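So the structure is just underneath, and the comments pick up after that.
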Amino acid sequence: MKILIINAGSSSLKYQLLNSKTKEVIAKGNCEKIGLSKPFISYKHNGQEQTFPGAKNHEEAIEKVLQILTNKDYGVLKSLDEIEAVGHREITGGWIYNKSELITDELLKQLKKFDELAPLHNPANVLGMVACRKVMPNTPQVAIFDTAFHQTMPEKAYTYAIDYKDSQKYHIRKYGFHGSSHRFITLEAAKVLGKKVKDVNLIIAHLGNGSSITAVRGGQSVDTTMGLTPLQGLVMGTRCGDIDPTVVQFLMNKKKMTVDEVMNYLNKKSGLLGVSGVSSDHREVEAAAKEGNKRAELADEMLCYSVRKHIGSYMAVLNDVDAVVFTGGIGENSAATREKIISNMENLGIVLDKKKNKNFKRGQVELISDAKSKVKIYVIPTNEELMMAMDTEEIVKKLKKSK
Ligand code: ADP
């Protein structure tokens with residue numbers, strides 16, 4: 001089944017056309033700077049890359065993407081009918097959705113309720129859905145929620161220790177994110193471990209620009225490091241991760257910032273970027289640290305320490321762990337980071353095979369633990385778009401059967 005996956009942001013719209021059966025990526029790209037000056041659309045297919053003039057709004061962006069995909073010279077589709085369904089990434093399913101859903105008028109109405117939870121992402125995601133339904137009114141569309149996989153967390157894990165009445169009334173709680181990635185890795189890990197999904201216990205470290213760790217018991221998320229928003233948890237590219245909330249008050253007083261300015265500072269100017277002063281990109285921070293930049297070294301050490309600490313806490317949560325899995329741009333590519341995180345964990349039963357770790361070829365599933373390690377350590381490439389396509393396919397198949 002050919003499925004179009006859409007990830008709409010406020011001024012960008014990423015697209016990927018996949019064959020859910022062969023898992024092949026047929027084409028992909030990004031509509032950048034939508035509505036801004038010099039918008040453009042990138043388009044990759046068959047090893048080629050092209051750029052086209054961009055769009056002034058989301059609807060036009062979808063229209064242009066569909067024109068590109070069906071162009072008779074460089075397109076990959078003969079007709080739009082070949083696209084059997086569209087899957088949309090949706091930042092949050094809030095307190096309502098714990099699995100992917102067919103997009104209907106009613107669902108769109110419900111999604112409006114989440115604007116407060118994710119003011120930057122939710123309206124943009126919905127905009128993408130509305131635009132796509134308008135342009136492709138006869139193609140079934142599915143919303144895949146970043147938070148859905150984590151809705152199995154027990155109340156004690158997702159409740160913040162504030163006045164219970166407030167957390168109930170305003171839905172202030174941990175939701176968790178990166179759900180498609182953590183779910184994909186859970187399914188893949190079960191395969192390589194030779195276990196049923198319902199029997200696997202995992203600690204999954206998704207480390208990229210945004211990072212989160214999830215504790216999986218019996219194939220289900222029981223805790224995760226991101227919270228009400230993706231700001232909580234690990235030290236990330238530009239996000240601070242866990243801090244004492246009093247820091248907000250301090251910054252407001254000392255720097256005469258508004259609360260919105262402080263939140264922007266914590267989301268966009270902190271993490272690796274804030275500490276190192278060099279970059280939010282881990283490779284650049286690693287390179288600067290190697291050249292003797294002390295702040296870059298500290299930033300890298302803080303990232304590794306925050307991951308290590310959460311792995312330790314999830315060992316305590318789960319007690320019995322089949323595997324620690326690394327994924328995401330940093331998790332899949334940086335052997336040095338994996339080694340820093342995992343060294344000296346022998347007493348927890350986690351022993352890295354340093355040689356295997358170093359020699360690992362990216363893009364593969366690889367066991368990198370020592371034979372004597374009680375807990376296995378894997379690197380598994382994530383594929384969020386494929387997970388979204390698989391979900392979309394399942395829902396559309398059910399829909400077809402019910403007709
Ligand atoms: P996103 O969260 O935006 O999906 P990715 O999962 O693509 O991000 O991860 C991006 C991060 O991965 C960047 O910080 C980048 O520097 C880092 N990264 C990619 N390749 C390497 C590498 N070979 N060594 C270290 N870090 C890497």
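Taking the options Val262, Val278, Val216, name whichever one is within 20 Å of Leu117 (Cβ to Cβ) and either hydrophobic (A, V, I, L, M, F, W, C) or under 14 Å from the mean Cα position of the chain (by Cα) (or both). Val262 is the lone residue from the list that is within 20 Å of Leu117 (Cβ to Cβ) and either hydrophobic (A, V, I, L, M, F, W, C) or under 14 Å from the mean Cα position of the chain (by Cα) (or both). The set of residues in the range 334-362 that are within 8 Å of the ligand (Cβ to nearest atom) and at pLDDT below 95 contains only Arg362. The residue pairs whose first member lies in the range 367-386 and is closer than 12 Å to Phe326 by Cβ, whose second member is of a type in the set (Gly, Ala, Ser) and within 16 Å of the ligand (Cβ to nearest atom), and whose beta carbons are closer than 6 Å, counting only pairs six or more residues apart or on different chains, are Pro381/Gly363; Thr382/Ser181. Scan the range 156-212 for residues that are assigned to a loop (DSSP other than H, G, I, E, B) and touching a residue at least 40 places away in the same chain (Cβ under 8 Å) and report the count. Total meeting the criteria: 14. Quick check on Thr327: is it away from the ligand (no atom under 16 Å from the Cβ), under 21 Å from the mean Cα position of the chain (by Cα) and of a type in the set (Val, Ile, Thr)? No.
Name the residue, out of Met257, Met252, Met236, that is assigned to a loop (DSSP other than H, G, I, E, B) and more than 24 Å from Gly176 (Cβ to Cβ). So that I can check it myself, show each step before the final result.
Details: Met252 fails: assigned to a loop (DSSP other than H, G, I, E, B); Met236 fails: more than 24 Å from Gly176 (Cβ to Cβ).
None of the other options fit; the residue is Met257.
Taking the criterion of being among the polar types (S, T, N, Q) and under 22 Å from Ile83 (Cβ atoms), the residues of the range 26-47 that qualify are Asn30, Ser42, Asn46.
When Ile144, Ile96 are checked against the criterion of being outside any loop (DSSP other than H, G, I, E, B) and either modelled with pLDDT of 95 or more or under 20 Å from Glu394 (Cα atoms) (or both), a single residue qualifies: Ile144. Quick check on the range 213-234. Is at least one of its residues farther than 28 Å from Lys374 by Cβ and away from the ligand (no atom under 16 Å from the Cβ)? There is at least one residue in the range 213-234 that is farther than 28 Å from Lys374 by Cβ and away from the ligand (no atom under 16 Å from the Cβ).
Condition check ((1) of a type in the set (Phe, Trp, Tyr); (2) assigned to a helix (DSSP H, G or I)) across all residues:
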position: Leu17; (1), (2): no, no
position: Ala27; (1), (2): no, no
position: Lys38; (1), (2): no, no
position: Tyr43; (1), (2): yes, no
position: Lys64; (1), (2): no, yes
position: Ile68; (1), (2): no, yes
position: Gly75; (1), (2): no, no
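Out of the residues in the range 161-209 that are among the hydroxyl-bearing types (Ser, Thr, Tyr) and closer than 22 Å to Tyr314 by Cα, which is surrounded by the most Cβ atoms within 10 Å (Cβ to Cβ)? Among those that are among the hydroxyl-bearing types (Ser, Thr, Tyr) and closer than 22 Å to Tyr314 by Cα, it is Tyr175. Listed by first and then second residue, the pairs linking a residue in the range 268-296 that is part of a helix (DSSP H, G or I) to a residue that is among the aromatic types (Phe, Trp, Tyr) and modelled with pLDDT of 95 or more, with Cβ atoms under 9 Å apart and 6 or more places separating them unless they lie on different chains, are Gly274/Tyr265.
Could you tell me whether the range 118-139 includes any residue that is under 27 Å from Val222 (Cβ atoms) and in a strand (DSSP E or B)? The answer is no; no qualifying residue exists. Any idea which residue in the range 281-319 is farthest from the chain's Cα centre (by Cα), counting only those that are over 28 Å from Val222 (Cβ atoms) and away from the ligand (no atom under 16 Å from the Cβ)? Per the stated criteria, the residue is Gly292.
For the range 79-93, the tally of residues that are more than 27 Å from the chain's Cα centre (by Cα) and at pLDDT 95 or above stands at 1.
For Asp115, the conditions (1) crowded, with 23+ Cβ neighbours inside 10 Å; (2) closer than 24 Å to Asn267 by Cα; (3) in contact with a Pro (Cβ under 6 Å, 6 or more places away or on another chain) are fulfilled apart from (1).
The values are calculated or read from the model by the stated rules, or taken from the named source; none is laboratory data. Predicted model, so just to flag it, every value in this text is computed and none were measured. Heads up, the Cβs are rebuilt from the backbone with ideal geometry, glycines too, and the neighbour counts pull from every protein chain shown.
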